[in-house]
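Input: a single structure, listed below in structure tokens.
The values are calculated or read from the model by the stated rules, or taken from the named source; none is laboratory data. This is a predicted model, so every value here is computed, not measured. Note: ideal-geometry Cβ built from the backbone for every residue, glycine included; neighbour counts use all protein chains shown.
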Amino acid sequence: AVRPLPITAVDAAEMLDQLQTQALLGPFRGEPAVDRDAVVAVLAALSAAAEAHPEVAAIDLNPLIVVDGAPVAVDALVEVDGSAAVDEATGGPGARPDDEAFRALFEPAGVIVAGASSHPGKFGFVSLHNVLAAGYGDAVAATNRDRAEVLGISTVADVAELPDATYDLLFVCTPAAANPDLLRAAAAKGVRAAFVTSAGYGEAGPEGIAAQAELVRLADELGILLAGPNGQGVVSTPSSLCAQIVAPYPPAGSIGVASQSGNFVSSFLNYAVQTGVGISRAVSAGNAAAVGVADYLDYYADDPATSVGLAYVEGVADGRGFLERMRSVAARKPLVLVKGGATSGGQRAAASHTGSLATDDRTFDGACRQAGITRAATVEEAFEAAATFATQPLPRGPRVVVMTTAGGWGVVTADAITTSDLELATLPDDLLAAIDEKLPPRWSRNNPVDLAGGETRDTIPEVLALIAAHPEVDAVIQLGVGIQANQARLMRDGRFYPDHGLERIVAFHERQDARYATEAARISDETGKPILLATELAVADPDNAAPAAVRATGRLCYPSANRAVTALEHAWRRARWLAARGLT
């Protein structure tokens with residue numbers, strides 16, 4: 001287990017819990033259990049010593065033995081780096097733009113698209129198209145050297161021709177060399193934020209690095225928030241704003257996205273379109289010359305339109321500052337993160353992509369755990385974790401019941417739960433007796449709760465309500481939704497429909513599966529417990545009545561039981577992190 005300094009006693013205890021060999025700390029061959037509190041105290045003391053003496057490069061306690069359950073340091077080695085200079089200015093979080101500057105980016109009073117093109121294959125055309133097509137309602141202007149009309153907009157050759165105090169956001173699709181003069185002209189018109197899509201900056205060698213530094217200096221002098229450069233764009237559904245060089249535009253929701261990669265923004269937005277779990281804000285940080293991913297996430301933490309932050313990063317230049325800022329963010333709202341460059345190959349790719357500095361992955365992973373960041377391995381896992389935070393209550397404990405209409409699904413789900421931080425709940429006697437009254441004797445009488453084909457019209461929601469309401473159950477994963485509607489689709493598409501009573505039975509099957517989904521959401525809201533519905537039909541047939549009804553409730557229909565377990569595990573880890581720090 002690895003954590004960056006400083007660590008608290010809570011951090012140290014979590015490090016012990018993370019050890020795969022932690023069972024060795026228990027009673028063994030007549031020896032008492034190791035005093036975990038004493039080990040925690042040793043780790044916390046090492047952290048305090050390192051913080052108090054910045055000249056210390058490393059402290060090695062080897063061996064640390066156990067005598068009568070207490071840890072004893074037999075030998076220690078302290079390495080001192082006398083040449084190490086400590087710059088306190090870089091030790092903490094950097095300042096971010098104020099909320100007014102971010103409002104100019106995400107809720108602008110008007111938008112200028114600089115470099116608009118009449119050619120539909122150019123970024124300047126696509127950007128203007130996307131702003132207009134998404135339904136942005138305030139003033140929109142565009143510049144074009146030839147003053148060509150583009151998408152019904154009469155363009156101007158120079159920003160100086162536009163009225164004063166009408167536009168807050170400048171969306172830049174012009175070559176890098178033109179951008180300094182463009183920023184000066186925009187600032188004179190009252191523009192307060194600029195998103196720069198242009199490449200040729202920090203990712204492009206020494207000349208690009210110098211040009212980027214000059215652009216940052218100029219934007220700061222002019223009082224303009226500078227997003228990018230080399231970025232994809234910005235989306236803000238509360239403002240119906242889609243200022244970006246690619247699709248898509250997502251449904252409205254409460255997930256705030258910030259990414260060092262524009263492609264990951266697109267991926268997250270595509271998942272929002274597919275699942276129906278929507279987005280509040282999304283921004284591609286690009287080279288993050290002046291405003292980085294941490295700045296956007298910090299803004300989202302106090303943004304009333306956003307309930308969870310979702311980020312992709314490729315490297316962190318100031319690890320200590322990033323950790324401190326993200327710890328503050330995570331204390332206020334859930335924060336989900338995917339990191340590229342976890343391997344040496346990925347680190348080389350990250351450097352060539354955005355010029356970012358990759359960090360040691362074990363240290364970064366430990367920092368995430370310490371700061372309360374939910375780290376996901378894949379974009380799918382990240383979006384599903386964020387969607388779970390945005391739409392489900394946090395579990396009060398780890399005890400999970402699986403309810404299924406088929407035994408095999410329950411078995412593999414039980415396996416996944418058993419190998420996670422969750423617990424497969426033991427069904428208490430009173431709950432067993434209550435379910436006995438609803439199901440035939442052949443039901444599993446165990447967890448997973450296999451209904452064994454004993455469902456009637458009302459059985460599924462009634463049994464689900466019994467399970468979720470029980471005080472010894474913290475969460476439910478429901479499997480098997482959509483089966484009836486799947487058969488209904490085959491009947492509807494077949495040559496016998498609507499005769500032979502098929503029209504009636506098709507309607508019944510679809511109505512039942514939709515009801516199961518809506519009842520699950522209602523019961524979850526009523527009990528304050530997460531209830532996750534999983535079926536491969538979420539992907540195989542998203543128009544199936546069950547996943548469609550789940551989407552209509554605003555929740556995520558998980559494409560597999562394993563992915564539901566992973567999402568629920570992330571939710572439990574967050575609940576546990578908050579509780580350990582008295583933040584619930």
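Could we say that residue 416 is assigned to a helix (DSSP H, G or I) and surrounded by 14 or more Cβ atoms within 10 Å (Cβ to Cβ) here?
Numbers: assigned to a helix (DSSP H, G or I): yes; surrounded by 14 or more Cβ atoms within 10 Å (Cβ to Cβ): yes.
Criteria met by residue 416.
Under 6 Å between Cβ atoms, which residue pairs at least 6 apart in sequence (or on different chains) link something in the range 415-428 that is farther than 16 Å from residue 471 by Cα with a partner that is in a loop (DSSP other than H, G, I, E, B)?
422/398
State all residues of the range 133-151 that are closer than 21 Å to residue 281 by Cα and more than 28 Å from the chain's Cα centre (by Cα); if no residue qualifies, say none.
Narrowing the range 133-151 to residues closer than 21 Å to residue 281 by Cα: 133-140.
Of everything in the range 133-151, those that are closer than 21 Å to residue 281 by Cα and more than 28 Å from the chain's Cα centre (by Cα) turn out to be 137, 138, 139, 140.
Looking at residue 378, is it assigned by TED's automatic domain parsing to the domain that holds residue 288, modelled with pLDDT of 95 or more, touching a His at 6+ places or on another chain (Cβ under 6 Å) and closer than 30 Å to residue 203 by Cα?
On the way: assigned by TED's automatic domain parsing to the domain that holds residue 288: yes; modelled with pLDDT of 95 or more: yes; touching a His at 6+ places or on another chain (Cβ under 6 Å): no; closer than 30 Å to residue 203 by Cα: yes.
No; evaluated as a whole, the condition is false for this residue.
Answer yes or no: is there a residue in the range 396-410 that is under 18 Å from the mean Cα position of the chain (by Cα), crowded, with 20+ Cβ neighbours inside 10 Å, at pLDDT 95 or above and assigned to a loop (DSSP other than H, G, I, E, B).
Step one: of the range 396-410, the residues under 18 Å from the mean Cα position of the chain (by Cα) are none.
No, because not a single residue in the range 396-410 is under 18 Å from the mean Cα position of the chain (by Cα), crowded, with 20+ Cβ neighbours inside 10 Å, at pLDDT 95 or above and assigned to a loop (DSSP other than H, G, I, E, B).
One line per residue, one yes/no per condition, for (1) modelled with pLDDT of 95 or more; (2) out of contact with any Ser or Thr (no Cβ under 6 Å at 6 or more places or on another chain); (3) aliphatic (A, V, I, L, M); (4) within 25 Å of residue 391 (Cα to Cα):
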{"position": "223", "(1), (2), (3), (4)": "yes, yes, no, no"}
{"position": "231", "(1), (2), (3), (4)": "yes, no, no, no"}
{"position": "236", "(1), (2), (3), (4)": "yes, yes, no, yes"}
{"position": "242", "(1), (2), (3), (4)": "yes, yes, no, yes"}
{"position": "248", "(1), (2), (3), (4)": "no, yes, no, yes"}
{"position": "258", "(1), (2), (3), (4)": "yes, yes, yes, yes"}
{"position": "269", "(1), (2), (3), (4)": "yes, yes, yes, yes"}
{"position": "281", "(1), (2), (3), (4)": "yes, no, no, yes"}
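Looking only at the range 123-133, decide whether some residue is buried (at least 22 other Cβ atoms within 10 Å of the Cβ), closer than 16 Å to residue 227 by Cα and at pLDDT 95 or above.
The answer is yes; a qualifying residue exists.
To keep it simple, each residue is scored yes or no on (1) without any contact (Cβ under 8 Å) to a residue 24 or more places away in the chain; (2) closer than 17 Å to residue 422 by Cβ.
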position	(1), (2)
492	yes, no
496	yes, no
502	yes, no
506	yes, no
549	no, no
557	no, no
562	no, yes
568	no, yes
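Keeping to the range 148-157, report how many residues are in contact with a strand residue (DSSP E or B) (Cβ under 8 Å, 6 or more places away or on another chain) and loosely packed, with under 13 Cβ neighbours inside 10 Å.
To start, the set of residues in the range 148-157 that are in contact with a strand residue (DSSP E or B) (Cβ under 8 Å, 6 or more places away or on another chain) comprises 150, 153, 155-157.
The next check asks that each one be loosely packed, with under 13 Cβ neighbours inside 10 Å; those that pass are 157.
Summing the residues that are in contact with a strand residue (DSSP E or B) (Cβ under 8 Å, 6 or more places away or on another chain) and loosely packed, with under 13 Cβ neighbours inside 10 Å in the range 148-157 gives 1.
Give the range 7-17 a look and list any residue that's over 13 Å from residue 39 (Cα atoms) and surrounded by fewer than 14 Cβ atoms within 10 Å (Cβ to Cβ), or say none.
Quick first cut of the range 7-17, residues over 13 Å from residue 39 (Cα atoms) only: 7.
Across the range 7-17, there are no qualifying residues.
Of all residues in the range 479-490, which are surrounded by fewer than 16 Cβ atoms within 10 Å (Cβ to Cβ) and within 20 Å of residue 418 (Cβ to Cβ)?
Looking only at the range 479-490, we keep the residues that are surrounded by fewer than 16 Cβ atoms within 10 Å (Cβ to Cβ), and these are 487, 490.
Passing the criteria: none in range.
Quick check, is residue 329 crowded, with 18+ Cβ neighbours inside 10 Å, at pLDDT 85 or above and assigned to a helix (DSSP H, G or I)? Explain how you work it out, then say what you get.
Numbers: crowded, with 18+ Cβ neighbours inside 10 Å: yes; at pLDDT 85 or above: yes; assigned to a helix (DSSP H, G or I): yes.
So residue 329 fits the description; yes.
Of the residues that make up the range 532-543, is at least one touching a residue at least 60 places away in the same chain (Cβ under 8 Å) and closer than 16 Å to residue 399 by Cβ?
Yes; the residues of the range 532-543 include at least one that is touching a residue at least 60 places away in the same chain (Cβ under 8 Å) and closer than 16 Å to residue 399 by Cβ.
Listed residues 200, 231, 262, 208; which is within 22 Å of residue 298 (Cα to Cα) and either touching a Leu at 6+ places or on another chain (Cβ under 7 Å) or not assigned by TED's automatic domain parsing to the domain that holds residue 386 (or both)? Spell out how you get there, then give the answer.
Details: 200 fails: within 22 Å of residue 298 (Cα to Cα); 262 fails: either touching a Leu at 6+ places or on another chain (Cβ under 7 Å) or not assigned by TED's automatic domain parsing to the domain that holds residue 386 (or both); 208 fails: within 22 Å of residue 298 (Cα to Cα).
Step by step, each of 200, 231, 262, 208 is checked, and only 231 is within 22 Å of residue 298 (Cα to Cα) and either touching a Leu at 6+ places or on another chain (Cβ under 7 Å) or not assigned by TED's automatic domain parsing to the domain that holds residue 386 (or both).
Please verify whether residue 512 is surrounded by fewer than 18 Cβ atoms within 10 Å (Cβ to Cβ), part of a helix (DSSP H, G or I) and of a type in the set (S, T, N, Q), treating the condition exactly as stated.
Details: surrounded by fewer than 18 Cβ atoms within 10 Å (Cβ to Cβ): no; part of a helix (DSSP H, G or I): yes; of a type in the set (S, T, N, Q): yes.
No; evaluated as a whole, the condition is false for this residue.
Within the range 73-98, how many residues are surrounded by 11 or more Cβ atoms within 10 Å (Cβ to Cβ) and either at pLDDT 80 or above or in a loop (DSSP other than H, G, I, E, B) (or both)?
Of the residues in that region, 7 qualify.
For the range 430-439, indicate whether the set of residues that are within 23 Å of residue 576 (Cβ to Cβ) and modelled with pLDDT of 95 or more is non-empty. Talk me through it step by step, then tell me what you get.
First pass over the range 430-439, keeping only residues within 23 Å of residue 576 (Cβ to Cβ): none.
Scanning the range 430-439, I find no residue that is within 23 Å of residue 576 (Cβ to Cβ) and modelled with pLDDT of 95 or more, so the answer is no.
Only one of these is among the hydrophobic types (A, V, I, L, M, F, W, C), surrounded by fewer than 18 Cβ atoms within 10 Å (Cβ to Cβ), at pLDDT 95 or above and at positive phi: 109, 165, 160. Name it. Quick ask: steps written out before the conclusion?
Details: 109 fails: at positive phi; 160 fails: at positive phi.
Checking each option against the conditions leaves just 165.
So that you can scan it fast, the table gives a plain yes or no per residue for (1) under 37 Å from the mean Cα position of the chain (by Cα); (2) surrounded by 15 or more Cβ atoms within 10 Å (Cβ to Cβ); (3) over 20 Å from residue 408 (Cα atoms):
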position: 454; (1), (2), (3): no, yes, no
position: 462; (1), (2), (3): yes, yes, yes
position: 471; (1), (2), (3): yes, no, yes
position: 477; (1), (2), (3): yes, yes, no
position: 492; (1), (2), (3): no, yes, yes
position: 499; (1), (2), (3): no, no, yes
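Restricting to the range 274-319, and then to whatever is in a loop (DSSP other than H, G, I, E, B), among the β-branched types (Val, Ile, Thr) and within 13 Å of the chain's Cα centre (by Cα), can you tell me which residue is nearest to residue 199 (Cα to Cα)? Outline the logic, then answer.
Taking the range 274-319 as the starting set, the residues that turn out to be in a loop (DSSP other than H, G, I, E, B) are 276-278, 285-292, 302-307, 314-318.
Narrowing further to those that are among the β-branched types (Val, Ile, Thr): 277, 291, 306, 316.
Those left that are additionally within 13 Å of the chain's Cα centre (by Cα): 277, 306.
Details: 277: 32, 306: 30 Å.
For the range 274-319, the residue satisfying everything is 306.
Can you give me the ranges of the helices (runs of 4 or more DSSP H) entirely in the range 530-584 with at least 3 residues that are surrounded by 21 or more Cβ atoms within 10 Å (Cβ to Cβ), of a type outside the set (Gly, Ala, Ser) and at pLDDT 95 or above?
561-580
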